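Visitor: Below is the structure I would like to discuss, written out as structure tokens.
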Amino acid sequence: MYCTIDDLLGQIDKSKLIELTNDRDNPAVDENGQEIIHEGNANSAIDAATAVVNTYIAMRYPVPLSPVPKIVNKLTADIAIYNLFTRHYNDEDNVFTRRYRDAIKLLEKIAADEVKLSANESGIRTYARRKVYGEDFRRMYD
């Protein structure tokens, strides 16, 4: 897995994560009867998100990634939160859907080799392909 429940909590409030992970008719509760994060549902969403990320990443890199670049951690968390959101809601105009779409767009660029992953501090590095021209082309401009 490329992210944890703590990573999800870095993206959304705990109360929202409790709402999204719990089943409406059978919420997870602590010994005091307070609703808590349903870890099984959260981890299932993370596993599914990791599988999506691996599908794209595997086109350019051996998976699973180790170490995990920070950007892959964030993309996985965004997709996992979207997975949890869609368990309860169908709203297409919300922050979770926008983050999901942005995550998929970036994964498509990684798969197309337009963006390279790096385990450096920033987690990602972009580059432009160098144009290589033959000798005939260079002679036209001599």
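The values are calculated or read from the model by the stated rules, or taken from the named source; none is laboratory data. No experiment lies behind these values; they were computed from the predicted model shown. Ligands, DNA and RNA are stripped out before the accessible areas are found, and what is left, the full protein with its side chains, is counted by its heavy atoms. Shrake-Rupley method; radii C 1.70, N 1.55, O 1.52, S 1.80 Å.
Visitor: Stokes-Einstein at 10 °C, 1.306 mPa s, Kirkwood radius from Cα pairs: D for the range 28-113 in µm² s⁻¹?
Guide: My calculation gives 114 µm²/s for D.
Visitor: Give the long-range amide H neighbours of Ile36: residues separated by 5 or more places, or on another chain, with amide H under 5 Å away, using H modelled in the peptide plane at 1.01 Å from N.
Guide: Residues meeting the amide H criterion: Ala28, Val29, Asp30.
Visitor: Check cross-link reach from Lys16 to the lysines: straight Cα distance under 21 Å, and skip same-chain residues fewer than eight apart.
Guide: Lys74
Visitor: Kindly sort Val115, Val52, Val29 by accessible area of their heavy atoms, largest first, with the probe set to 1.4 Å.
Guide: Reading off the accessible areas and sorting them downward yields Val29, Val52, Val115.
Visitor: List every residue whose amide H lies under 5 Å from the amide H of Val115, counting only residues 5 or more places away in sequence or on a different chain, with H placed 1.01 Å from N in the peptide plane.
Guide: Hits under the 5 Å cutoff: Ile110.
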